[in-house]
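Everything on this sheet refers to the single structure shown next.
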Amino acid sequence: MKKLDVLTPVGIIVGIIMMLAAVYFNDAGTGRLDDFIKLAPVLIVTGGLVSAILINFSMEDLRSVPKTIKEAFQKNHQDTKETIDSFVEMAELARREGLLSIEPEVEEMKDPFLQKGMRLAIDGEDPEIIKDILTADITAMKSRHTESREILEKAGEYAPAWGMIGTLVGLVLMLQNLDDPSSLGPSMAIALLTTLYGSLLANLIFLPMANKLKSNTKKEIYFKQITVEGLIGVQSGQNPKKLRDKLYAFLPKTISEADSEEKKGKEQTLEGDLGAG
């Protein structure tokens, strides 16, 4: 299940606000926001950037751009601890009543990857075959994500380069009109603003979004690896306690320790109640 990742839009908005505030509240007191909004630098940077992207990628690749950008504003809401606990419960049920007893639960699973794996397990496929199939799915997903993210990464590379090209254009215009003092300001503005626009697009939009997607992919792969281990454990009839300990090794130490303390506290309470009785 995916939810809005508010940190992405908040980060972009904060970055823009801070830039505008720095311009407006400068020490010289001469900051004017309209001085930083010029059409020529926008045309050079965006036009050059779009052209480079069109040359670099195929139409099929470009069709995925809207979806890729949307993914940067979302995050997978996956409770790893809850998933591990569900595997332990399924392992207990499978050992007590057989693997087919968990089939009703499979139909209610919302994760297609988990559902696919459980169906393979229930069908009696060899654990190694199940692992190979699911690992291939993980590899294919990683490849798709990498290809989609590459467009943003390339945009992050090209934007500053086109900013520098715009700077050269502005300098050429300025040098050609040194005898006209009134043209020096606008020419210099083109030279500097194109560099600003290119750097801003790369370091506030494209590269941070690409890194966010990369981080999301790592988390998804990590979660799927836990899923594979849980599936194999359930199918092979592994002892639920041992399966739980094995899967909890994937959790951050603080979470696993907190759960162990909670479990220990419950056991001590139960022993105290039995002793009192």
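The values are calculated or read from the model by the stated rules, or taken from the named source; none is laboratory data. If you're wondering where the values come from, they're calculated on a predicted model, not measured in any experiment. Cβ atoms come from the backbone with ideal geometry, glycine included; neighbour counts cover every protein chain shown. Note: areas computed on protein heavy atoms with side chains; ligands, DNA, RNA excluded. Shrake-Rupley method; radii C 1.70, N 1.55, O 1.52, S 1.80 Å.
Looking at the chain as a GNM with Cα springs under 10 Å, which of ASP179, ASP137, ASP61 has the largest mean-square fluctuation?
Between ASP179, ASP137, ASP61, it is ASP179 that shows the largest mean-square fluctuation.
Jot down the radius of gyration and Dmax of the stretch 98-199, Cα atoms only, both in angstrom.
Expressed in Å, the Cα Rg and Dmax of the stretch 98-199 come to 28.9, 91.
Rounded to the nearest 500, what is the chain's calculated 222 nm mean residue ellipticity when only DSSP H runs of at least 4 contribute -39500 (n - 2.57) each, over all residues?
That comes out to -26000 deg cm²/dmol.
In whole angstrom, note down how far apart the Cα centers of the stretch 122-160 and the stretch 74-101 are.
Here the answer is 24 Å between Cα centres.
So for the pair SER236, LYS219, with labels modelled 7 Å out along Cα→Cβ, what separation do we get in nm?
So the label points at SER236 and LYS219 sit 3.0 nm apart.
For LYS2, list long-range residues whose amide hydrogen, built 1.01 Å from N in the peptide plane, is under 5 Å from its own amide hydrogen.
Close amide H contacts, sequence-distant or interchain: HIS77.
Please work out which option in (1) 44; (2) 14; (3) 19 gives percent of Cα pairs over 35 Å apart calculated from these coordinates, and answer with its label.
(1)
Heavy atoms only, probe 1.4 Å: what % of the accessible area of the chain goes to carbon and sulfur, would you let me know?
Working: 10260 of 16870 Å².
The nonpolar share, carbon plus sulfur, comes to 61 percent.
With +1 assigned to the C-beta of every Lys and Arg and -1 to the C-beta of every Asp and Glu, and no other charges, what is the dipole magnitude of the chain about the Cα centre in debye, to the nearest 20?
440
In the chain, which whole DSSP H runs stretch at least 20 Å along their own axis (Cα) and average 1.0 or higher on the Kyte-Doolittle scale?
Details: long enough: 7-24 (25 Å, 2.29); 39-56 (25 Å, 2.08); 80-97 (25 Å, -0.66); 127-176 (73 Å, 0.19); 181-200 (29 Å, 0.95); 207-235 (42 Å, -0.23); 253-276 (34 Å, -1.34).
TM-like helix candidates: 7-24, 39-56.
Once you keep just the Cα pairs under 8 angstrom separated by 6 or more residues, what percentage relative contact order results for the stretch 164-204?
Reported relative contact order: 49 percent.
With a 10 Å cut-off between alpha carbons and a GNM built on the chain, which of LYS219, LYS38, LYS154 moves the most?
For the chain, modelled as a Gaussian network with Cα springs under 10 Å, the answer is LYS38.
Rg(Cα) of the stretch 142-222 divided by 2.2 N^0.38 Å?
1.56
In 10 Å bins starting at 0, how do the alpha-carbon pair distances of the stretch 139-181 split up by percent?
With a bin width of 10 Å, the distribution comes to 24, 25, 20, 15, 10, 5, 1.
Between the DSSP loop rule and a limit of at most 13 other Cβ atoms within 10 Å, which trypsin sites (Lys or Arg not before Pro) in the stretch 101-147 are left?
Details: sites: LYS110, LYS116, ARG119, LYS131, LYS142, ARG144; in loops: LYS110.
Loop-located and lightly packed - LYS110.
Which of PRO112, PRO181, PRO127 moves most in a GNM of the chain, Cα contacts under 10 Å?
In the Gaussian network model the winner is PRO181.
Among ALA52, PHE73, PHE87, whose Cα projects farthest towards the positive end of the dipole of the stretch 24-101, with charges put on the beta-carbon of Lys, Arg (+1) and Asp, Glu (-1)?
ALA52
Set the bar at 31 Å for Cα to Cα. Now go through LYS212/LYS241; LYS70/LYS110; LYS67/LYS242; LYS3/LYS38; LYS116/LYS154 and name every pair that lies beyond it.
Over 31 Å Cα-Cα: LYS212/LYS241; LYS67/LYS242; LYS3/LYS38; LYS116/LYS154.
Quote the FRET efficiency, to the nearest 0.05, computed for ARG32 versus ASP61 with a Förster distance R0 of 41 Å and r equal to the Cβ-Cβ distance.
0.50
Among residues other than ASP123 whose Cβ falls under 13 Å from its Cβ, what is the net charge (Lys/Arg +1, Asp/Glu -1)?
On the way: positive: LYS116, ARG119; negative: GLU103, GLU125, ASP126.
Local net charge: -1.
Determine the per residue accessible area of the chain with all protein chains present and a 1.4 angstrom probe, expressed in square angstrom.
Values: 16870 Å² over 277 residues.
With all protein chains present, the chain gives 61 Å² per residue.
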